[in-house]
Amino acid sequence: MSHPPLSATAPLDSAYADPLQVLVYADSLSWGIVPGTRQRLPWPVRWPGRLELALNVANGAAAGGLRPVRMLEDCLNGRRTVWDDPFKPGRNGIQGLAQRMEMHSPLALVILMLGSNDFQSMHPHNAWHAAQGIGALLDAIRGAPIEPGMPVPPVLVLVPPPITTPRGPLAPKFAGGEHKCAGLAQAFEEVCRARGCDWFDTGTVIRSSEVDGVHLDAADHMALGDALAPVVAALLAPARA
């Protein structure tokens, strides 16, 4: 379908509507690594893509006069909350986060899904530590140097599903992770409540893959995207009308 040239002064119709931008700040669980491989799931299968489709296509956003939604995937394999990876640089989630907020503003929402890599075997961390890391990230998001007049976006924290017994090539890297992550949902809830932030426990709708015990199978990506659609739609509702 073709559209007429866009005038700088003409009002935007639904075909040209400025989308609401949602930043997904996450790790390999959201990047869409195929468990047991180094391959990546296609965009419509990965939960951020599935969620965007659900918010725009399935719900007929344009036909209903709603502003479209654009998911910005900033998902780095191995990213921690606030910890360094001793073997790979750039995996500390708090480093550069404020600049990403500045770069992508205005943002209608930030979805934060981190914590699993805090339980890698080279770290002594437990659920409390990971939750404190999430709290530090929330503070960084809210204190980011965005342009004057631009909104400070709300944040939706996703609790990763519990790690099960690590298997395959990842087994040494995540050895003991299934024990370290115990109580993660409760620890995240406490931090989010204290900061007045929304959260969603993904472990209520998905589980870690049986292939490696850490990542998500394709069916779980799609299930998560579908489950998040009404949650995110409600959070975006004031800005979409």
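The values are calculated or read from the model by the stated rules, or taken from the named source; none is laboratory data. Every value quoted in this text rests on a predicted model; they were computed, and no experiment measured them. No Cβ is skipped: glycine too gets one built from the backbone with ideal geometry, and neighbour counts run over all protein chains shown. For accessibility, only protein heavy atoms count, side chains too; no ligands or nucleic acids. Shrake-Rupley method; radii C 1.70, N 1.55, O 1.52, S 1.80 Å.
For semi-axes √(5λ) of the Cα gyration tensor in Å, the listed values are (i) 43, 23, 13; (ii) 32, 20, 16; (iii) 52, 33, 14; which was obtained by calculation from the structure presented?
Correct label is (ii).
Which one, ALA239, MET113, SER209, projects farthest toward the positive side of the charge dipole computed for the chain from Cβ point charges (K/R +1, D/E -1)?
SER209
Among DSSP beta bridges lying fully in the chain, give the percent that are antiparallel, nearest 5.
Percentage antiparallel, nearest 5: 5.
Below 8 Å, C-alpha to C-alpha, sequence gap of six or more: please give me the relative contact order for region 50-170 in percent.
For region 50-170, the relative contact order is 26 percent.
Over region 62-123, what is the mean sequence separation of C-alpha contacts under 8 Å (at least six apart), divided by residue count, expressed as relative contact order in percent?
29 percent
By residue number, which cysteines of the chain lack any other Cys whose Cβ falls under 4.7 Å from their Cβ?
For the chain, the answer is CYS75, CYS181, because their Cβ atoms have no other cysteine Cβ under 4.7 Å.
May I ask for the Kirkwood hydrodynamic radius of region 80-173, worked out over all distinct Cα pairs and given in angstroms to one decimal?
14.5 Å
For region 33-133, which trypsin sites (Lys or Arg not before Pro) are in a loop by DSSP, counting at most 14 other Cβ atoms within 10 Å? Can you show the working numbers first?
On the way: sites: ARG38, ARG40, ARG46, ARG50, ARG70, ARG79, ARG80, ARG91, ARG100; in loops: ARG38, ARG46, ARG79, ARG80, ARG91.
Passing both the DSSP loop test and the Cβ count: ARG38.
Give the residue list of chymotrypsin sites (Phe, Trp or Tyr not before Pro) in region 162-216 that are DSSP loop and have at most 15 other beta-carbon atoms within 10 angstrom.
Within region 162-216, no chymotrypsin sites (Phe, Trp or Tyr not before Pro) qualify (loop, at most 15 other Cβ atoms within 10 Å).
Kirkwood hydrodynamic radius, computed over distinct alpha-carbon pairs, for region 41-118: how many Å, to one decimal? Could you put the intermediate results ahead of the total?
On the way: mean 1/r = 0.0689 Å⁻¹.
Result for region 41-118 stands at 14.5 Å.
For the charge dipole of the chain, defined by +1 on Lys and Arg C-beta atoms and -1 on Asp and Glu C-beta atoms about the Cα centroid, which residue among HIS179, LEU76, LEU66 has the Cα displaced farthest towards the positive pole?
With unit charges placed on the Cβ atoms, the residue in question is LEU76.
Suppose only helical runs count, i.e. DSSP H with n ≥ 4. What mean residue ellipticity at 222 nm does that imply for the chain under -39500 (n - 2.57) per run, divided by all residues and rounded to the nearest 500 deg cm²/dmol?
-9000 deg cm²/dmol
Per residue, what accessible area does region 138-193 have, given a 1.4 Å probe and all protein chains present, in Å²?
For region 138-193, the per-residue accessible area is 48 Å².
Let's see if you can work this out: charge +1 on each Lys and Arg Cβ, -1 on each Asp and Glu Cβ, no other charges. What is the dipole magnitude of the chain about its Cα centre, in debye to the nearest 20? Spell out each step's value before the answer.
Numbers: 19 positive and 22 negative charges, 52 e Å.
The dipole magnitude comes to about 260 debye.
Could you check the spin-label model distance between VAL152 and ALA219? Points 7 Å from the Cα along Cα→Cβ, value in nm.
Going from the VAL152 label point to the ALA219 one covers 4.3 nm.
What percent do you get for the relative contact order of the chain when only Cα pairs under 8 Å and 6+ apart count?
On the way: 445 pairs, mean separation 59.0, N = 241.
Reported as a whole number, the value is 24 percent.
Would you give the gap between the C-alpha center of region 21-61 and the C-alpha center of region 187-215, rounded to a whole Å?
Computed from Cα coordinates, the inter-centre distance equals 17 Å.
At q = 0.13, 0.14, 0.15, 0.17 Å⁻¹, what is the log10 ratio I(q)/I(0) for region 107-241, with the Debye formula run over Cα points and no solvent?
For region 107-241 at q = 0.13, 0.14, 0.15, 0.17 Å⁻¹, log10 I(q)/I(0) is -0.60, -0.68, -0.77, -0.95.
Could you grab the Rg to Rh ratio for region 200-241? Cα atoms only, Kirkwood for Rh. Write out the running numbers ahead of the final one.
Details: Rg = 13.0 Å, Rh = 11.5 Å.
Rounded to two decimals, Rg over Rh is 1.13.
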